[in-house]
Amino acid sequence: MRNRRLVIVLCTAVVVSSAGAQERVDLTTITRIREEGLQRSRARELYLTLSDSIGARLTASPAYTQAARWARDRFAEWGLANPRLEAFAFGRGWSLEKISVEMTAPRYMPLIAYADAWTPSVPAVLSGRAVYVGDRTAAEIQKMAGQLRGAIVLSRRPQADFMDADRPQPGLSDRPIQTGNPFIPPVESAAPAGELVTLLQRAGAAVVLKPSAYRDGTIGVTGNRMTASEAVPSITVAAEQYNMLARLAAAGTPPELRIELRTRYHEDDLNTYNVLADIPGTDPTLRDEVVLVGAHLDSWHTANGATDNGDGVVAVMEAMRILTAIGARPRRTIRAALWSGEEQGLLGARAYIDQHLADPAARDTLAVYLNDDPGSGRTLGFYMEGNEAAKRIFDAWLEPLKDLGMTRNIMEGIGATDHVPFNAAGLPGFNAIKDFDAYDARTRHTNADFPERMSEDELKQSAIVLATFAWQAAVRNGTIPRAPRR
């Protein structure tokens, strides 16, 4: 794990003000939150159970459902109210049962390779010479139909550009931030990608290989849930190994490969599930208002889903455990939400809005949504989505946590995660600022997403931050101001 030790100093007093107005900060409860989160933490235990024992959690897969039930049961164990799974329609699930990709000539080499999610199986163990078409035009590929039937196809050019750099660290630098997903260099072919897929399907290719855009054996693999069961199976290979295969083919000595791929579709239940649980509000006039804290429980399928987004899930779960353990009685209801389907388009968060916040009166009950997703490591602050009034409040809440490694809130927003649909509905949603150290270039959506990237101190800190901000939002006299319409 990263060697990052936090210097912990318990606060006894702090004065916070912004623009001449003071924001009340409940130091007594914050001290209790910190003590529970530092001295009796279950964050590491939760993290390793989720990432090692359960592992990858592709939406609607059996592993995802296992994780959702596990999280619900932990909420019940800790005494939260109404821990539940809330269904929404998704479609069939998918899981990988076996993959083996080997070069058998001109010498033997096992290859680092993963199936794209929702790709079908290769019906039997397949052996043969690879056929390279990366530099062929669509017209040329059409003329190769006889060579492609039943073939192992190297479908793209060798990968020359790589995912090398992380986004700037927005809580540590004044450099402009990237507000959406990081740019990933494209995987290219002479034939347009969409046309290439169709041509290989018509020709009856047995399996398609393509390179990853990451370096040094790291493979970024996602997938399309709408992939047809009769599609050509698709496998992504480590870039350097794919490039070797393509060079051999270009030199006139096409490599011989042996491939075994078994996948399974899961169609008994076409729903997937968000996980919800509450700490009920106690104020008769405010208890129907909700402070929502969330993270996405789903992941891609090649590693353990540890930094994307197991650490965020643990922050939410441990924050709720801490608040329950100290007997917190918030004025507003604090609700945990672990989302499904984030990787397929923020589907769980959108379903929650449709189910709970569909009309203006219902939307008025959401006090704030706090999300923990992109990045890993400690929480540095929050992206404030251009909401200056909210930033003044969050700045006051951040102040007594600076000794835990928080740095600042920033006015900018960030896209491509679960707070986005809340903001689109006119609701105040904010995402935690996390480190991007080796996140974009190494762990995000890759086979390298394992728990060693997170230290126990970082897990503890993120949970304490989330518990503190949720508590402050649940007890303050007013809700968080909505951002002005743009």
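Any residue that is modelled with pLDDT under 90 and either in a strand (DSSP E or B) or surrounded by fewer than 15 Cβ atoms within 10 Å (Cβ to Cβ) (or both) - is there at least one of those in region 178-189? The answer is yes; a qualifying residue exists. Do the conditions hold for Thr365, that is, is it farther than 17 Å from Arg335 by Cβ and not aliphatic (A, V, I, L, M)? No. If you go through region 136-163 and pick out every residue that is touching a residue at least 60 places away in the same chain (Cβ under 8 Å), part of a loop (DSSP other than H, G, I, E, B) and surrounded by fewer than 19 Cβ atoms within 10 Å (Cβ to Cβ), you end up with 1. Checking region 471-484 against the condition returns no match, with no residue being surrounded by 21 or more Cβ atoms within 10 Å (Cβ to Cβ) and either within 22 Å of the chain's Cα centre (by Cα) or among the acidic types (Asp, Glu) (or both).
Note on region 50-61: residues that are under 17 Å from the mean Cα position of the chain (by Cα) and in a helix (DSSP H, G or I) amount to 4.
The sole residue among Thr31, Thr65, Thr59 that is in contact with a strand residue (DSSP E or B) (Cβ under 6 Å, 6 or more places away or on another chain), modelled with pLDDT of 95 or more and not charged (D, E, K, R) is Thr59.
Based on this model, can you work out whether Gly171 counts as buried (at least 19 other Cβ atoms within 10 Å of the Cβ) and either touching a strand residue (DSSP E or B) at 6+ places or on another chain (Cβ under 7 Å) or at pLDDT 95 or above (or both)? Answer is yes for this residue.
Just a yes or no: is a residue in region 27-42 acidic (Asp, Glu), in the same structural domain as Glu452 (by TED's automatic domain parsing) and either free of Cβ contacts under 8 Å to residues at least 12 places away in the same chain or in contact with a helix residue (DSSP H, G or I) (Cβ under 6 Å, 6 or more places away or on another chain) (or both)? Yes, that holds for at least one residue. Here Arg129 passes the criteria (1) closer than 20 Å to Ala193 by Cα; (2) surrounded by 14 or more Cβ atoms within 10 Å (Cβ to Cβ) except the one numbered (1).
Selection of region 356-377 for residues being touching a strand residue (DSSP E or B) at 6+ places or on another chain (Cβ under 7 Å) and not small (Gly, Ala, Ser) yields Leu357, Thr365, Leu366, Val368, Tyr369, Leu370, Asn371, Asp372, Asp373, Pro374. Please indicate, with yes or no, whether at least one residue in region 128-144 is within 23 Å of Ser53 (Cα to Cα) and not aromatic (Phe, Trp, Tyr). Checking region 128-144: not a single residue is within 23 Å of Ser53 (Cα to Cα) and not aromatic (Phe, Trp, Tyr). Of the helices (runs of 4 or more DSSP H) that lie entirely inside region 336-415, not one contains 2 or more residues that are aliphatic (A, V, I, L, M), assigned by TED's automatic domain parsing to the domain that holds Leu80 and touching a Leu at 6+ places or on another chain (Cβ under 8 Å).
Condition check for Pro106 on (1) surrounded by 14 or more Cβ atoms within 10 Å (Cβ to Cβ); (2) modelled with pLDDT of 95 or more: one failure, at (1). Going residue by residue through region 432-451, is there one that turns out to be surrounded by fewer than 20 Cβ atoms within 10 Å (Cβ to Cβ), outside the structural domain of Ile177 (by TED's automatic domain parsing) and of a type in the set (A, V, I, L, M, F, W, C)? So far as region 432-451 goes, yes, one or more of its residues are surrounded by fewer than 20 Cβ atoms within 10 Å (Cβ to Cβ), outside the structural domain of Ile177 (by TED's automatic domain parsing) and of a type in the set (A, V, I, L, M, F, W, C).
The values are calculated or read from the model by the stated rules, or taken from the named source; none is laboratory data. Computed from a predicted structure; not experimentally measured. Don't worry about glycine lacking a Cβ; one is built from the backbone with ideal geometry, like all the others, and counts go over all protein chains shown.
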